[in-house]
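So the structure is just underneath, and the comments pick up after that.
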Number of protein chains: 2
Amino acid sequence: MARPTMTDVAELAGVSRALVSLVMRGSSNVSSLRRDAVLAAAAELGYTPHQMARSLASRTSTVLGVMVSDLRNAFFVDVVEGIDAAARVAGFEMVINTGGRSPVRERVALRSLLSFRPAGIVLLSPVLSAAAITEASGQGPLVLVSRTTRLSSVDTVNDDGATGAALAVDHLVRLGHTRIAHFDGGRASVATARRQGYTAAMRRHGLDPRVVASEHTDVAGAKAVRQVWGESGGLPPTAVLAGNDFNAIGAISALEEIGLRVPRDVSVVGYDNTSLAAMGHVSLTTIDQPRAEVGRLAVAALLERVRGERDEPVRHLLQSTLVVRATTAPPPP
Amino acid sequence: MARPTMTDVAELAGVSRALVSLVMRGSSNVSSLRRDAVLAAAAELGYTPHQMARSLASRTSTVLGVMVSDLRNAFFVDVVEGIDAAARVAGFEMVINTGGRSPVRERVALRSLLSFRPAGIVLLSPVLSAAAITEASGQGPLVLVSRTTRLSSVDTVNDDGATGAALAVDHLVRLGHTRIAHFDGGRASVATARRQGYTAAMRRHGLDPRVVASEHTDVAGAKAVRQVWGESGGLPPTAVLAGNDFNAIGAISALEEIGLRVPRDVSVVGYDNTSLAAMGHVSLTTIDQPRAEVGRLAVAALLERVRGERDEPVRHLLQSTLVVRATTAPPPP
DNA sequence: TCTAAAGAATAGAGCGCTCTAATCCTTCTC
DNA sequence: GAGAAGGATTAGAGCGCTCTATTCTTTAGA
């Protein structure tokens, strides 16, 4: 009942264990006679190589570890799919782990991933401490997605949040808006670039930036709306650039609750173009990041390090695009 | 630069490798003197046990493999979180893999998972062939979530879709609806129970069931609406029980497009209570499954098998609850 | 016919760990 | 002070595989 091992296959095929190993690894220096015998024996026994024993003996790994800070964020899931596709093409297998946006849990998850001695690690928007990242980077190639670092042993893949935010501002200005608020992403690692891009773009247009503290959740988006429109004095914005799509959805709900129509009274732009934004019922104007490409680049960077083709860090900065849907329109007269 | 091994720690601490092994496994038969020395040495070298070598030698595994058919479905993600939490408590680590709703990819993913010789496997709503499941179940404990089987070597955790659907019908009937349609989930494995529950509940109320072929996507939901309301002859339904939340969202969009208001003109009920449904902007009446509980039960079932505490299959059928939000109301007069 | 070279197959050590059995200390008892 | 008992420690084999030599075949060349 025990699972068959290489020795079992070797015995059945009447060859040595080493030959079985060669066949399983697809070596060309094997006569087709023996190869067929080995494959037949393996099939008969239902033998499949023991991945762990294999990587232990070869001191190599075909595993790419991926730590996702938050699986509930559709953006990350799309990146994961990109990673998976690229990894499969390269003959690697992806193994995911999640940290639930908690530094402690992320640390545990990362440690668990590392205990498999993977060929490399991708951290998706980790909230981990820089120290933990430094430590992990000593164990092998490491790529950071949606987070920056100064470590030269670590590669990064980020979207150009500054340009993306500027795209949104330009779009709104073109529609005629002048009072455009930004709901900030708070401690999210991508928030800084977006905020700076927004502020710079507003200045460029000769407009006053207005950054409202918020977070990347729908609850926070709703709260920010109630705060801004609840204030007395000053004219309220006619447009909002939310920190991400979730925040935008929350904002829209809250706006409609206080009797404002989107986009007739207020325009709203999201960020990330999650599947949520695309749904007919929502139809959110938003900024799209090439998510599959993010995953692909992360894997590519990792593999370059794995193969020792590169030592210097690479910093990918991906261009975003504007996706116009139904939540933006000219401001009310 | 090579990663430290047990031998390095043993030498630095001035003890045998076996003793280091005992300390790392937390054995109580070690003097605190030696234990401290070993731990100090391990800390100094930055040693962490090599999980693969460990499980190879012990012929055991602390890995629970999880194959998720579709990470984009928030429902599964919630179950995964439940699995993760339960696994961690039991001292196991979860490793995820995804099959992208393709039988071929799922097969690859499952094989990859199995090559790690995990302690057990959870398949989340797989579209895999029954043959592949049978084969995998020979390799170790296997739990199926959101899919049924007759295999006695496999445990299952499902929600009671029939009762859940009945809950929705009862709610709508109570509001006064009599023409209630059901948008079927097609080939999704949970669709059958929901459909049967709907049909039975309608009959129980003396109403005519009306099942519309659809799928578990928003596009399909919209299409079903256009089909039903595009028909000439007969009165259209005043309420829809969608196959799941995505389908419901699509249906709502399409209804609004053809000028019908939800819930004033038509009531819509979803299924799964995904985070989507809870968002203010959507606020969907839906059926809630205890997702974290699903994950917990799956892990529990797995561990009972791992520990050899049980041989007969267990079939969990979880009760759902109705969550009333803003998409259901009495029918128009 | 003999030898060299290339190709095919294998022996055996070792990857980093666990586990069994054996050995080494203490301490306790009479 | 001898022997038993029991806890602490270690030696060494082995998990399922890969990898470096090494050996065995075969074929080609002179």
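The values are calculated or read from the model by the stated rules, or taken from the named source; none is laboratory data. The model shown is predicted, which means the values in this text are computed figures rather than measured ones. No Cβ is skipped: glycine too gets one built from the backbone with ideal geometry, and neighbour counts run over all protein chains shown. Just so you know, the surface numbers come from the protein's heavy atoms only, side chains and all, with ligands and any DNA or RNA stripped out. Shrake-Rupley method; radii C 1.70, N 1.55, O 1.52, S 1.80 Å.
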### Task
Can you list the distances in nanometres, one decimal and ascending, from the residue A:232 label point to the identical position in each other copy, with the point 7 Å along Cα to Cβ?
6.2
### Summary
Result for region A:252-333: accessible area per residue, probe 1.4 angstrom, in square angstrom, of 43
### Cβ-placed point charges (K, R +1; D, E -1), dipole of the protein assembly as shown about Cα centre in debye, nearest 20
700
### Message
Please report the carbon-and-sulfur percent of the accessible area for region B:6-49; probe 1.4 Å, protein heavy atoms only, DNA, RNA and ligands left out.
### Response
52
### Summary
Relative contact order as a percentage, chain A, C-alpha pairs under 8 Å and 6+ apart, gives 17
### Message
For B:106, A:312, give me the order by solvent-accessible area with a 1.4 Å probe, most accessible first, ignoring ligands, DNA and RNA.
### Response
A:312, B:106
### Task
Please name the residues of region A:115-151 whose accessible area, counted over protein heavy atoms with a 1.4 angstrom probe, falls by no less than 40 Å² between the chain alone and the full protein assembly.
A:115, A:116, A:117, A:139
### Task
Quote the convex hull volume per residue of region A:47-186, based on C-alpha atoms, as a whole number of Å³.
145
### Task
Compute the distance in nm between two label points, each set 7 Å from the Cα along the Cα-to-Cβ direction, one at residue B:104 and one at residue A:3.
2.6
### Apportionment of accessible area to carbon and sulfur, region A:161-289, percent (1.4 Å)
51
## Note on the structure
Rounded to the nearest whole number, the per residue volume of the convex hull around the C-alpha atoms of region B:233-310 in Å³ is 113
### Message
Given axes a ≥ b ≥ c from the Cα gyration tensor, I'd like to know whether region A:180-219 is rounded (a/c under 1.5), prolate (a/b larger than b/c) or oblate.
### Response
oblate
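Let me check against my output: what whole-number percent is the relative contact order of region A:6-49, with C-alpha pairs under 8 Å and at least 6 apart?
It comes to 45 percent, rounded to a whole number.
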### Task
Report in % the part of the accessible area of region A:87-134 that belongs to carbon and sulfur, leaving out ligands and nucleic acids; probe 1.4 Å.
67
### Task
May I ask for the percentage of alpha-carbon pairs in region B:6-49 that lie more than 12 Å from each other?
48
### Summary
With every protein chain in place, the residues of region A:265-285 shedding 20 Å² or more of accessible area versus the chain by itself (probe 1.4 Å) are A:276, A:279, A:280, A:281, A:282
### Query
Which residues of region B:59-87 bury at least 10 Å² of accessible area once all protein chains are present, versus their chain alone (1.4 Å probe)?
B:63, B:71, B:72, B:77, B:78, B:80, B:81, B:84
### Summary
The computed P(r) of region A:1-96 puts the percent of Cα pairs beyond 19 Å at 55
### Message
Give me the three principal axis extents of region A:192-243 from the C-alpha atoms, as integers in angstrom, largest value leading.
### Response
29, 27, 14
### Query
Nearest 0.05, what FRET efficiency do residue A:29 and residue A:278 give at R0 = 60 Å with Cβ-Cβ as r?
0.70
#### Entry: Across the identical copies, how the residue B:88 labels are spaced - nm, sorted shortest first, 7 Å along Cα→Cβ
2.9
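Just need the relative contact order of region B:161-289 here, percent rounded to a whole number, with Cα pairs under 8 Å and 6+ apart.
Computed over region B:161-289, the figure is 24 percent.
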## Note on the structure
Quick note, region A:161-289: a/c under 1.5 would make it rounded; otherwise a/b > b/c is prolate and the rest oblate (a ≥ b ≥ c, C-alpha gyration tensor); here it is rounded
### Query
What accessible surface, in Å², does a 1.4 Å probe find on residue A:253, ignoring ligands, DNA and RNA and rounding to the nearest 10?
10
## Note on the structure
Note: probe point = Cα of residue A:257 + 7 Å toward Cβ; backbone nitrogen < 15 Å; residues of region B:267-294 passing the test are B:278-284
### Task
Determine, at each q value in 0.07, 0.09, 0.12 (inverse angstroms), the log₁₀ of I(q)/I(0) that the Debye formula gives when each Cα of chain A is one equal point scatterer.
-0.39, -0.58, -0.84
### Query
How many angstrom lie between the C-alpha centres of region B:53-94 and region A:33-76?
17
#### Entry: Fully extended contour minus Cα-Cα distance, from residue A:314 to residue A:131, at 0.36 nm per residue
63.9 nm
### Contact surface A-B: accessible area buried, both sides summed, square angstrom, 1.4 angstrom probe
4500
### Overall Cα dimensions of region B:75-155, principal axis frame, Å, largest first
33, 24, 24
#### Entry: Fully extended contour minus Cα-Cα distance, from residue A:43 to residue A:204, at 0.36 nm per residue
51.2 nm
### Message
What is the distance in Å between the Cα centroid of region A:273-320 and that of region B:130-147?
### Response
34
## Note on the structure
Which residues qualify? For residue B:186, with a placed amide H closer than 5 Å and at least 5 residues away or on another chain, they are B:214
### Query
Semi-axes of the equivalent ellipsoid of the protein assembly as shown: what are they in whole Å, largest first, if each equals the square root of 5 times a C-alpha gyration tensor eigenvalue?
47, 34, 22
### Query
To the nearest 10 Å², what's residue A:171's accessible area with a 1.4 Å probe?
10
### Query
Tell me, what is the per residue accessible area of region B:54-157 in Å², probe radius 1.4 Å?
33
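Counting only Cα atoms, I'd like the Rg/Rh figure for region A:56-95, Kirkwood definition for Rh.
Looking at region A:56-95, the ratio lands at 1.08.
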#### Entry: For residue A:58, label point 7 Å along C-beta direction: distances to other copies, nm
2.6
